[in-house]
Structure formats: structure tokens, C-alpha cells
Amino acid sequence: MTITPICDRELWERACAGDPESFGAIFDRHSRAVYNFLCRRTASWAEAEDLTSAVFLEAWRHRSAVTLDRDSALPWLLGIARNTAANGGRARRRYQALKERLPTPSPVPDHAQDVADRLDEERALVALRASVGRLPAHEREVIELCVWSGLDQQAAATALGVAVGTVKSRLHRARRRLGHDLREYAPSCPDRRVIAEETS
């Protein structure tokens, strides 16, 4: 049994109705002919590939204005290709000028490593919080103010309503208590590094 292929007109009507697969079928059917035409016009395979993409992008944008010739979209596509090739020099110059103005893109980060690092930091932070949570309340307060919140000892003293010397002695004792526990954890938590440096 012979299956009659769907004509361009029907595919195009489906594409205009919002069916991208029908437009894909048009592309599959005619892209080689468009590419060959552009190869001959430009004498450059690479340029022909770029322009072929531009032709079909333009065709998609103006799909409602297609003019079919005996149910074939190829003549209309080649007309777009001709205009695209003629304008290619100006388009390439505009593209190159824009490219030169844009900053060089940064390398794409390794998201898998980033996720792993963040999980490590979260685990270290949980362990650190547990260790700090075992401190007496008055020592935990100075760690939270001086180390986690970045206050100096005078500001912490004002916040707590105590003398600066009291904050200093509490902070010293807290650092001594935390020193052993902190050395057990991977040094991935920024807070831990601050405390570890001060306990060494």
C-alpha cells in the first residue's frame, strides 16, 4: 500500500495552526535544497548552514504570509534564501559589531560540584550549630554576636549589657570549648574557619 505524502500546503496550514512538527516536516523536506542554494550563492558551507537556519527562522516568523507554488513551499523558501544571502553581509557585520561590544561570557560553572560543596557546607554548619548549642547560654551568645554576626567585643558588650572584659572572657572560654569539636568537622563551613583561626 502506497502512502501519499502530505503536501506542503497541508503541512503549512497545520504549522500556522500552531503545530511545530508540521513545520519540522517542511524543514526536513526542503532544508537540503535551501542549503545547496545558499552554498552556491556564498561558496561557504559554514555560512550556508548559518543562513539556512536564518531562512527557516524567517519563514516561521512569516508563516502566515507564505505563497505556495502548486502546493510547494520551496520557491517561497528560496526567495527568502535569496534575500537572506543578499543581506547576509550587512547582517554579519551587525552581528560582529554586536559580538565585539558584548563581554566575553564566563565559563559555565560545574553545577554538580557546586551542589556537592553546598551540601558539605550545610553538613558542617549543622555540626557546628550542634557544637555551639552545647555551650552555656552566655558563651553561645558571644559566639553568635562576635563570630556569626561579626560584631566586635565592644558592640557585643553593648548588645548584652555587660562589660567588655566579660565578653572577652566568655569568648575565650567558648573558643577553647569549641576547638576540639571544630577540628572533627571538614573545614568547609566559613563560620568554622573563623572560629578555628581564633582558637589556634
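The values are calculated or read from the model by the stated rules, or taken from the named source; none is laboratory data. On a predicted model such as this, the values are computed, not experimentally measured, just so you know. Backbone-built Cβ (ideal geometry, glycine too); neighbour counts: all protein chains shown.
Somewhere in region 117-130, is a residue at pLDDT below 65, touching a Ser or Thr at 6+ places or on another chain (Cβ under 6 Å) and not assigned by TED's automatic domain parsing to the domain that holds Glu47?
yes
Output the residue which, of all residues in region 54-77 that are among the polar types (S, T, N, Q) and surrounded by fewer than 13 Cβ atoms within 10 Å (Cβ to Cβ), is nearest to Asp8 (Cα to Cα).
Thr67
Do we have Arg9 as surrounded by 13 or more Cβ atoms within 10 Å (Cβ to Cβ) and assigned to a helix (DSSP H, G or I) here? It would help to see each step written out before you state the result.
Values: surrounded by 13 or more Cβ atoms within 10 Å (Cβ to Cβ): yes; assigned to a helix (DSSP H, G or I): yes.
So Arg9 passes the test.
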